[in-house]
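Written below as structure tokens is the structure these notes are about.
The values are calculated or read from the model by the stated rules, or taken from the named source; none is laboratory data. What you are looking at is a predicted structure, and each value in this text was computed from that prediction instead of being measured. Neighbour counts run over all protein chains shown; Cβ positions are idealised from the backbone, glycine included. Note: accessible area is taken over every heavy atom of the protein model, side chains too, but ligands, DNA and RNA are not part of it. Shrake-Rupley method; radii C 1.70, N 1.55, O 1.52, S 1.80 Å.
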Amino acid sequence: MTASLFDTIRGHGEIVGRMRGLLATGRPGHAWLFHGPEGVGKRQVAMALAQCLFCPAPVVAGDGGMAGCGGCPSCRKCAAAIHPDLQILSVQEKKTRIAVEQVRDLIRFMAFSPLEGAWKVAIVDDAALMNEASANAMLKTLEEPPPGSMLILITSQPGSLLPTIRSRCRQERFTLLDDETILAILDQVAPAIPLGERREAVRLAGGSAGEALRLSGQGSMAARREFLHALAGLPALGLWEVLELSAHWSHEDRFDLVGPLLETWFAERIRVIILQGEERRSEVEAMLEASSQVVRLLRELAIFNLNPRLTLEAILIRLARMQGAAF
């Protein structure tokens, strides 16, 4: 028998327990904000919640919590994200923000009666990427939710949402997963990846199962080693070589790796400097400042559609000069 989506979730036991308990009361609420780090399971919990609402014969466990049966047509359609009463809203391809037209479409979707059951569910992932107009449009729905509707906002940046949006949602804060849980997830979904690479991906993932899955993808670990080796050799390169390196890593099939790998590089460099003693405190502060600026620059790259190659050139030139490059 197909399992309920709740049964497939690893970690977040307290949150799952609360969700299942609220479902059993018949009063699960109309608006939720799931926030926490990227790749830890927020969307999976949201989908499991929707599945139970759609299920015509949900299962009640010994603790009184409720979950979708997992095997009925409604549960299977929800698991495949094709249920007619489910809408998942995210940034459209080649866009950087959730547009107001998308939110207005969602509002119209929520206003109609459910087609197959008692509920309609909308999931917004990532809600922090709504622009000002779309956020204000979303606020109106939160103020006057249609009966039998549930809106679930997902984000890793709750502070970027309007305070009025946050205040109208019940909130659950998700935390990072432990390494054992992430390895179990990889064992389940990526068993063909060699165990050594899975363990290395877990070590580097920083508590994010999504990041571990990305790192353990085909060729990702080799690319990681190549990029970190290139960073280590920056001080010995000339300016032209740095520009060539930027051109190579700004290619669309590699650039997605750059942000997380730069974060890994900064974290390791800062750790090494700290271990070398208090007298190098100024170096730590410089690295922390550079790390913050690089993260901000990469975020602006996505928001303002900046040129990846020019952005990476600026980052690598700065890192090379910080490490003593002569140009």
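The table below lists the values:
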| read-out | value |
| --- | --- |
| Full-extension gain in nm, Asp187 to Gln293, via 0.36 nm per residue minus C-alpha separation | 34.6 nm |
| Ranked by how many other beta carbons lie within 10 Å on average, peptides 281-291, 315-325 from highest | 315-325, 281-291 |
| Charge tally in the Cβ shell below 11 Å around Val59, where Lys, Arg are +1 and Asp, Glu are -1, Val59 excluded | 0 |
| Computed [θ] at 222 nm, deg cm²/dmol, the chain (DSSP H ≥ 4; -39,500 (n - 2.57); rounded to nearest 500) | -17000 deg cm²/dmol |
| Proximal charge balance of Leu22 [Cβ under 12 Å; K/R count +1, D/E count -1] | +3 |
| Fully extended contour minus Cα-Cα distance, from His251 to Arg199, at 0.36 nm per residue | 16.0 nm |
| Tally of Lys pairs whose C-alpha atoms are under 25 Å apart, taken over the chain, 8 or more apart or cross-chain | 8 |
| Within the accessible area of the chain (1.4 Å probe), percent carbon and sulfur | 53 |
| Spatial separation of Cα centroids for the stretch 31-105 and the stretch 265-316, in angstrom | 36 |
| Approximate shape of the chain as ellipsoid semi-axes (Cα gyration tensor, √5λ), whole Å, largest first | 41, 23, 18 |
| Kyte-Doolittle mean at least -1.0, axial Cα span of 20 Å or more - DSSP H helices of the chain | 255-275, 281-304, 308-322 |
| Ile123 long-range amide H proximity, modeled H, under 5 Å | Gln87, Ile88, Leu89, Ile152 |
| Cα lying deepest toward the dipole's positive end in the stretch 1-154, options Ala48, Ala81, Pro146, charges on Cβ | Ala81 |
| Relative contact order computed over the stretch 118-202 (Cα-Cα under 8 Å; 6+ residues apart), in percent | 32 |
| Accessible area expressed per residue, the stretch 205-320, with surrounding protein chains retained (probe 1.4 Å, Å²) | 54 |
| Residues Glu143 and Glu300, FRET efficiency given R0 of 30 Å [Cβ-Cβ distance, rounded to 0.05] | 0.40 |
| Percent RCO, i.e. relative contact order, over the chain, from Cα pairs under 8 Å lying at least 6 residues apart | 17 |
| The stretch 62-129 - percent relative contact order, Cα under 8 Å, separation 6 or more | 37 |
| Reduced Cα scattering model of the stretch 124-198, Debye log10 I(q)/I(0), q = 0.12, 0.13, 0.16 Å⁻¹ | -0.52, -0.57, -0.69 |
| Dipole magnitude (debye, nearest 20) for the chain, charges at Cβ of Lys, Arg, Asp, Glu | 660 |
| Label-to-label distance, nm, for residues given as Ser90 and Ala286 (7 Å Cα→Cβ offset) | 4.0 |
| Highest-MSF residue in the chain out of Gln87, Gln157, Gln188 [GNM, Cα springs under 10 Å] | Gln188 |
| Principal axis box of the stretch 1-150, alpha-carbon based, largest edge first, Å | 45, 34, 26 |
